[in-house]
Amino acid sequence: MDIHQKNQLNKLLIIWYSNGYRKLPWRTNPSLYKTVISEFMLQQTQVKTVLPYFEKWIKTFPDFHTLAKASDESILKHWEGLGYYSRARNLHKLAKVLSSLPSIPKTPEEWQKLSGVGPYTAAAICSIAFSFPIAVVDGNVIRILSRLFAYDKPLKNNADAVKIFTPLATKFLNTTDPNTHNQAMMELGATTCLKHSPLCTVCPFVTFCKAAGKGIQGSLPRLIRKKTTQLTLNRLWIQKDDCLLLEQIPTNAARLANLYELPSNANTQIPLTNITPTATLKRAISNQSIQENLYQIPLSPSIKTIMHKQPHWQWIPLSQIESIALSGPHRKWINRLLKQGLFTS
Ligand code: ADE
């Protein structure tokens with residue numbers, strides 16, 4: 001890529017973006033706060049999933065100061081269903097730190113020192129909010145650049161791909177408008193240079209794209225996929241009067257800290273061999289395929305004995321189910337089962 005071609009491609013990208021970018025809520029009347037919230041929510045999560053959460057979040061917590069003062073419970077409740085809950089805790093910490101600083105940090109190095117801010121998020125925040133000249137490098141950018149330059153060597157994993165493509169993305173960055181450039185790369189990856197069936201006919205780069213020229217765009221980038229592992233979890237549905245037994249995940253847990261789930265049978269080993277599961281829930285998280293079987297168990301004296309040894313198990317009145325923070329899949333599951341009349345008190 002010579003400087004002439006780079007300038008030409010940069011210009012085409014900005015024209016393409018200006019002609020029809022999605023009017024996402026963090027793009028209208030943008031602010032540092034909106035940029036930070038959107039970038040945290042968009043980590044590992046699609047735009048369409050984030051949209052309702054973002055709108056509600058901005059109404060409830062309109063600025064860093066309000067967020068810093070909010071309770072842990074209300075923050076977790078507003079994040080319920082978005083997944084990767086450490087992001088919510090990190091945002092809370094970040095808001096507290098920023099509120100206490102004499103001035104707002106403006107460089108990616110400084111932002112990376114804050115909780116939950118990795119190289120991608122620091123680059124996105126600083127380029128979008130402060131026009132800092134740094135390229136964002138994520139799956140979208142790697143896909144676009146690997147196709148544009150027909151990079152067909154295998155990439156071991158995402159970290160390897162980021163390392164390999166950072167110098168090229170940096171060279172390709174439009175330093176006169178890094179904000180629009182980065183957002184346009186995100187937009188092109190999300191709407192046009194799609195993983196499967198890219199929409200090359202409407203791509204601003206089509207006549208320059210080496211992969212499209214060779215007809216190999218669909219097979220790039222060559223990311224080596226990890227094998228998926230199977231995981232089976234047995235869950236319990238135990239009820240008493242108008243209460244359902246739930247397990248609150250401990251505060252120090254790596255995943256889902258403080259959220260409620262249906263109790264797992266992993267530590268209790270209640271024999272389930274002769275019982276048919278009432279329901280089965282299947283889902284996939286990164287390279288794990290998870291099957292959860294739900295067993296309806298009567299509240300017998302032996303179950304009561306087991307329960308007393310489980311410090312995180314709690315009886316939750318049905319009237320409170322809506323107001324506690326449940327893991328997303330379990331919220332859907334419980335609501336569906338309650339509607340089907342599983343609760344028989
Ligand atoms: N993905 C990550 N950051 C984004 C942004 N600011 N707009 C759209 N998609 C994104």
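Specify the residue that is surrounded by the most Cβ atoms within 10 Å (Cβ to Cβ); the eligible residues are those in region 1-44 that are charged (D, E, K, R) and over 22 Å from the mean Cα position of the chain (by Cα).
For region 1-44, the residue satisfying everything is Lys6.
Quick check: anything in region 227-234 in the same structural domain as Ile334 (by TED's automatic domain parsing) and either crowded, with 17+ Cβ neighbours inside 10 Å or free of Cβ contacts under 8 Å to residues at least 40 places away in the same chain (or both)?
Yes: one or more hits.
For residues in region 138-152 being over 16 Å from the mean Cα position of the chain (by Cα) and without any contact (Cβ under 8 Å) to a residue 60 or more places away in the chain, which is farthest from Trp26 (Cα to Cα)?
Among those residues, the one meeting the criterion is Leu145.
Out of Gln296, Gln310, Gln314, which single residue is polar (S, T, N, Q), assigned by TED's automatic domain parsing to the domain that holds Asn265, out of contact with any Asp or Glu (no Cβ under 9 Å at 6 or more places or on another chain) and surrounded by 13 or more Cβ atoms within 10 Å (Cβ to Cβ)?
Gln296
When you scan region 122-130, do you find a residue that is part of a helix (DSSP H, G or I), closer than 15 Å to Thr35 by Cα and either at pLDDT below 95 or more than 13 Å from the ligand (Cβ to nearest atom) (or both), even just one?
There is at least one residue in region 122-130 that is part of a helix (DSSP H, G or I), closer than 15 Å to Thr35 by Cα and either at pLDDT below 95 or more than 13 Å from the ligand (Cβ to nearest atom) (or both).
Anything in region 3-37 that is within 30 Å of Val97 (Cβ to Cβ), near the ligand (Cβ under 10 Å from one of its atoms) and not β-branched (Val, Ile, Thr)? List them, or say none.
Leu24, Trp26, Arg27, Pro30, Lys34
Name the one entry in Val137, Val117 that is over 30 Å from Asn258 (Cα atoms), aliphatic (A, V, I, L, M), within 16 Å of the ligand (Cβ to nearest atom) and in a loop (DSSP other than H, G, I, E, B).
Val137
Just need a number here: residues in region 221-247 that are among the aliphatic types (A, V, I, L, M) and over 16 Å from Leu326 (Cα atoms).
Number of matching residues: 5.
May I ask you to list pairs of residues, at least six apart or on different chains, whose Cβ atoms are under 9 Å apart, with the first in region 14-28 being outside the structural domain of Pro62 (by TED's automatic domain parsing) and assigned to a helix (DSSP H, G or I) and the second being modelled with pLDDT under 95 and more than 12 Å from the ligand (Cβ to nearest atom)?
none
With more than 21 Å from the chain's Cα centre (by Cα), closer than 22 Å to Val202 by Cα and in the same structural domain as Thr35 (by TED's automatic domain parsing) as the only criterion, which of Leu168, Leu173, Leu155 stands out?
That would be Leu173, the only listed residue that is more than 21 Å from the chain's Cα centre (by Cα), closer than 22 Å to Val202 by Cα and in the same structural domain as Thr35 (by TED's automatic domain parsing).
Looking at (1) closer than 30 Å to Leu281 by Cβ; (2) out of contact with any strand residue (DSSP E or B) (no Cβ under 8 Å at 6 or more places or on another chain); (3) in the same structural domain as Gly118 (by TED's automatic domain parsing), find the lone condition where Asn179 falls short.
Asn179 satisfies every listed condition except (1).
Name the pairs whose Cβ atoms lie under 7 Å apart, with the first residue in region 175-189 and over 17 Å from Trp26 (Cα atoms), the second near the ligand (Cβ under 9 Å from one of its atoms) and of a type outside the set (Phe, Trp, Tyr), and 6 or more positions between them or separate chains?
Cβ pairs passing all conditions: Gly189/Asn140.
Considering Phe54, Phe40, Phe64, which residue is among the aromatic types (Phe, Trp, Tyr), at pLDDT 95 or above and away from the ligand (no atom under 15 Å from the Cβ)?
Phe64
Which residues, counting only those in region 317-345, are surrounded by fewer than 15 Cβ atoms within 10 Å (Cβ to Cβ), within 30 Å of the chain's Cα centre (by Cα) and among the hydroxyl-bearing types (Ser, Thr, Tyr)?
Ser319, Ser323
The values are calculated or read from the model by the stated rules, or taken from the named source; none is laboratory data. Just so it is clear, the structure is predicted and the values come from calculations on it, not from any experiment. Glycine also receives a Cβ, built like all others from the backbone with ideal geometry; neighbour counts cover every protein chain displayed.
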